[in-house]
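Q: The structure that follows is given in the form of structure tokens.
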Amino acid sequence: MNEYFNSHYIRVDTNSNVMHGFSDAFEQPQPSDILINAEGGRHFRLVPEGTDNPPLHNLNGVPLYRWDGEQVVARSVDEIKVYTPSRVEPLLTIENRVQTLEKSMRELVKAVYPTAGNQAATLQRIMSNT
């Protein structure tokens, strides 16, 4: 019986950041995609003994790997700290999330209770009942 393999590819941006990785079991490569393993399994792996479909970006969208022309290389902590793509918005801090939530609650109270008068007191009563 013949053994069947899938090919694994990466797609890099103009700065050689690994932006996408896939197996040809699920997606056909574009001409610019880079073959990293011609004898892979069905699911994509960066390295043959690695995990299936590993994350290629952190929670801020920063690429965790780069292509050095011959192999995939993990980015250093310093590289990840310096890299700030313009398409990625910083994650909201807890303080910003609370402020946004409170603003939304005030707007909701104003819409639901337009004649409530003291909106802050109304909002506090509503929130203390939860």
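Q: As an exercise: evaluate Val12 against (1) surrounded by fewer than 16 Cβ atoms within 10 Å (Cβ to Cβ); (2) in contact (Cβ under 8 Å) with a residue 12 or more places away in the chain; (3) among the β-branched types (Val, Ile, Thr) and give the number of the one condition it does not meet.
A: (1)
Q: Considering every residue within region 1-9, establish whether at least one is over 16 Å from Val72 (Cα atoms) and not in a loop (DSSP other than H, G, I, E, B).
A: Step one: filter region 1-9 for residues over 16 Å from Val72 (Cα atoms), giving 1-6.
Now restrict to residues that are not in a loop (DSSP other than H, G, I, E, B): 6.
The answer is yes, given that some residue of region 1-9 is over 16 Å from Val72 (Cα atoms) and not in a loop (DSSP other than H, G, I, E, B).
Q: Name the single residue that is surrounded by the fewest Cβ atoms within 10 Å (Cβ to Cβ) among those in region 100-120 being modelled with pLDDT under 75 and of a type outside the set (Phe, Trp, Tyr). Give the derivation first.
A: Of region 100-120, the ones modelled with pLDDT under 75 are 113-120.
Now drop any that are not of a type outside the set (Phe, Trp, Tyr), which leaves 114-120.
Details: Pro114: 9, Thr115: 4, Ala116: 15, Gly117: 8, Asn118: 9, Gln119: 15, Ala120: 10.
It comes out as Thr115.
Q: Here is a further query. Restricting to region 5-41, and then to whatever is closer than 21 Å to Pro63 by Cβ and of a type in the set (Ser, Thr, Tyr), can you tell me which residue is farthest from the chain's Cα centre (by Cα)?
A: Residue satisfying both the conditions and the ranking: Ser32.
The values are calculated or read from the model by the stated rules, or taken from the named source; none is laboratory data. Remember, it's a predicted structure, so these values are computed and weren't measured experimentally. All Cβ positions, even for glycine, are placed from backbone atoms using ideal geometry, and neighbour counts span all protein chains on display.
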